[in-house]
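To start, the structure under review is shown below, and the notes come after it.
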Amino acid sequence: MPQPSYEFALGRISALSTHLLSASQIRRIAEAGTTKEAFKLLLETGYGENAATEQELAQGEIDLIIRSQLQLTRKRIKELTPDPELTGLFLLPVDTHNIKSLLKARLLGISADEILRDGGNFPLETLKDMVQTKYYEDLPPVYRDTLNKVENELGREADPLSFSAMIDGAMFSQARQVMDAKHEHGFIRDFFSLWADYQNTISLIRAQNLHWELNQLRLVLLDAGTIAKSVFEECLDTPPEQLGARLNQGPHGAELVQVINEYAQTNDIGVLAKRMQEGKMLIIRRAKWDTHSLGPIVGYLFAREAEAEALRLIFGALQGGFEPQLPEMYA
């Protein structure tokens, strides 16, 4: 079956985007006095597109409704995209979450069904069967080889940190392989390279704070960045106030210098994660106006995810009896 054209996808995304919650709608829901009132206001906007069951509506199962909306969004994205391989890179976090959850559930002898997410690249039932049988031959080579290695490691010792890092590494290696094969050098490459460079910086600083050995740091370093992993390895003993100069490389180097200096002054590692998220979202916001790229499609996906995050914050705050702190784009 031929893939949709960019023109068709753009038209559909433009229509779908009119159903996103506006900042004023989000704020109105956040100002509700109770979760019941907030739930009513949310449903009045058409959120969930009537996909919720009567039982979910009656019980106010907000998380299930949010998950349903995200599942529908991912399904549409896969149907609309003119380039499933590149668009699928933005669904890899769903697969990563599912694989980790299924492995942990198997180790604990419990079910992971309640926390699994639909809409990734790999069908849930397929992943369930693979993790249960430890047979991964039908996955892409990066995931197949990584998960076989994970199973070997688990056969000796169940170390959640180790297998979690290996699966994260597989996601970035897969992204790099697909981008190289597709000769992608636009916003998608920028997105993953910024993500990897920042995450490797965070891992380096955590390794320093926890007095890790070099082999421990190597385990968590990711591919797809513009700064070679060897540079981070060489910086393991570099003081924080000197890190900026060492990592001032590639297109994200200047930004890293600023955020590392901010960390050195505050000793708050959370600032790196915050700036990383801001950088990723800035790339997506710029790309969503490029009608000759996948930007509008990926932008719609991220808008739905940001919307979901805001709703979870609102309902969590209302249930906890405190003031919700909305993401910057809705505040």
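Each value in this text was obtained by applying a stated rule to the coordinates, not by laboratory testing. Everything quoted here is computed from the prediction, not taken from an experiment.
For the stretch 84-184, just the Cα set please: Rg and Dmax, both in angstrom.
That works out to 13.2, 43 Å for Rg and Dmax.
Kindly express, to the nearest 10 degrees and within the range 0 to 90, the angle between helix 160-181's C-alpha long axis and the longest C-alpha principal axis of the chain.
Orientation of helix 160-181: about 80 degrees from the principal axis.
Mind pulling the angle between the C-alpha long axis of helix 6-17 and the longest principal axis of the chain? Nearest 10 degrees, somewhere in 0 to 90.
So the helix axis and the longest Cα principal axis differ by about 60 degrees.
Could you work out [θ]222 nm for the chain from helices alone, using -39500 (n - 2.57) per DSSP H run of at least four and dividing by all its residues? Round to the nearest 500 deg cm²/dmol.
-22000 deg cm²/dmol, from helical runs alone.
Taking a threshold of 18 Å on the Cα-Cα distance, which of the pairs Lys104/Lys128; Lys75/Lys100; Lys75/Lys280; Lys100/Lys149 fall above it?
Working: Lys104/Lys128 12 Å; Lys75/Lys100 22 Å; Lys75/Lys280 23 Å; Lys100/Lys149 14 Å.
In this structure, Lys75/Lys100; Lys75/Lys280 lie more than 18 Å apart at Cα.
What is the distance in Å between the Cα centres of the stretch 120-161 and the stretch 177-197?
Here the answer is 25 Å between Cα centres.
So how compact is the stretch 188-293: Cα radius of gyration and Dmax in angstrom?
13.9, 47
Need the list of aspartates and glutamates near Lys229 for cross-linking: C-alpha distance under 19 angstrom, and skip anything on the same chain fewer than eight residues off.
Qualifying aspartates and glutamates at Cα under 19 Å: Asp168, Asp180, Asp190, Asp197, Glu213, Asp237, Glu255.
Can you give the three extents of the C-alpha atoms in the chain along their principal axes, from longest to shortest, in whole Å?
Sorted from largest, the Cα extents of the chain read 56, 48, 45 Å.
How many angstrom lie between the Cα centre of the stretch 1-52 and the Cα centre of the stretch 277-292?
What the calculation gives is 20 Å, centre to centre.
Please identify, among Ala15, Ala38, Ala207, the residue showing maximal mean-square fluctuation in a Gaussian network model of the chain using a 10 angstrom Cα cutoff.
Ala15
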